[in-house]
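J.: Quick one: the structure is below, and I'll ask about it shortly.
The values are calculated or read from the model by the stated rules, or taken from the named source; none is laboratory data. These figures come from a predicted structure and were not determined experimentally. Ideal geometry is used to build each Cβ from the backbone, glycine not excepted, and the neighbour counts take in all protein chains shown.
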Amino acid sequence: MTGRVLLTALHVLDHQLVDATGVLVGKVDDAELELDAAGGAYLRALLSGPGVLATRLGHAGYGRWRERMEHDIDGPEGRTARIPIGSVRSIETTVVVNLLAEQLAPYGSERWVADHIIGHIPGRGTASASDDRPPRSSTVPGLEHEAARRLRASSLLGRAVNDQEGRRTGIVLDIRLVQDGPMGADPSASLRVDGLIVGHGRFPQRSGLLRHKVHGPWMLRAVAALVGPDRRYLRWDDVDDPESILSGGPVAARGPTEDLPR
C-alpha cells in the first residue's frame, strides 16, 4: 500500500515553519536529499535561513557567504539552518518541528542584530538580547550537511531530463515523495523519493492547478488542459546512474516515462 504522497516544491518548500511551542520561525527555504548506497533517495532535512534562500534563488556566492557568516556568529555548536527530518513533527499546511526558535538560524540573525546594533543604542534602557541567550543547540550546524552524497532539492528542480537516446524531454518540475513511516521515526522510513515529475513550465505545477483534475472556473480548466499533457512521471528506479545527479549532470532515464500517478 502506497503511503502518503508529498510533492517537494508544492507541499514542502516555502511553507511556514512552526517551532515546538507554536512560534513562527521562518519558512522552509530548501530541502536536503541524500542517496544511499543502492541509489535510493530520501529527504533527510529541511533547510531554512536567509543564506539558504539566497542560494536557492540563484545568488550562490552571497548565499554561501551568508550561511558561513551565520555559522561563524554562533560557533560550531550554535543555531542551525538544517532541521533533520527526525526533528520534524508534521508536514501539513505548516511544518511543525521539535526544535525551539532559539535553535534555528533565522532567529540567530535577529538576535545578532539585537546584540550588536540595537543593544548599543544609547538610552535603550533594556538588557541586551545576549543576557538571556538560551543554551546552544547540539544540532548539526547549517554548513556541515554538505556531504558527498547529498544535494539540495532546489538543485534538482529545473534540471534537464534526457530520454534513453539522450534527447531532452523536459525539466524536473517536482520531486514526488512517499511517506512510508511516521514523521520523527527512523529517517529511512519517513520520506523517500518515489520519482520525478517531468515537463515544461513550472508555474502551473507550483500553483497547484495540476495536482488533480481541475473542476473550477473555465480559465483554470483551460490552463490545466493546455499544460497537462506535457507532464510525465519518471520513477526513481528508472533514473539511470543517480550518482551523476550529484555532480550536476542531467537526469538520464533508462526507462520510459509514465502517466502521472494518481
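J.: With the structure loaded, tell me whether Leu35 is buried (at least 24 other Cβ atoms within 10 Å of the Cβ) and modelled with pLDDT of 90 or more or whether it fails that test.
T.: Criteria not met by Leu35.
J.: Kindly indicate whether Gly22 is surrounded by fewer than 22 Cβ atoms within 10 Å (Cβ to Cβ) and part of a loop (DSSP other than H, G, I, E, B).
T.: yes
J.: Here's something else I'd like to know. Cβ-Cβ under 9 Å, sequence separation 6+ or interchain: first residue in segment 39-65 and under 25 Å from Asp241 (Cβ atoms) and at pLDDT 85 or above, partner assigned to a loop (DSSP other than H, G, I, E, B) and among the β-branched types (Val, Ile, Thr). Which pairs?
T.: Short answer, once both residue conditions are applied: Ala45/Val140.
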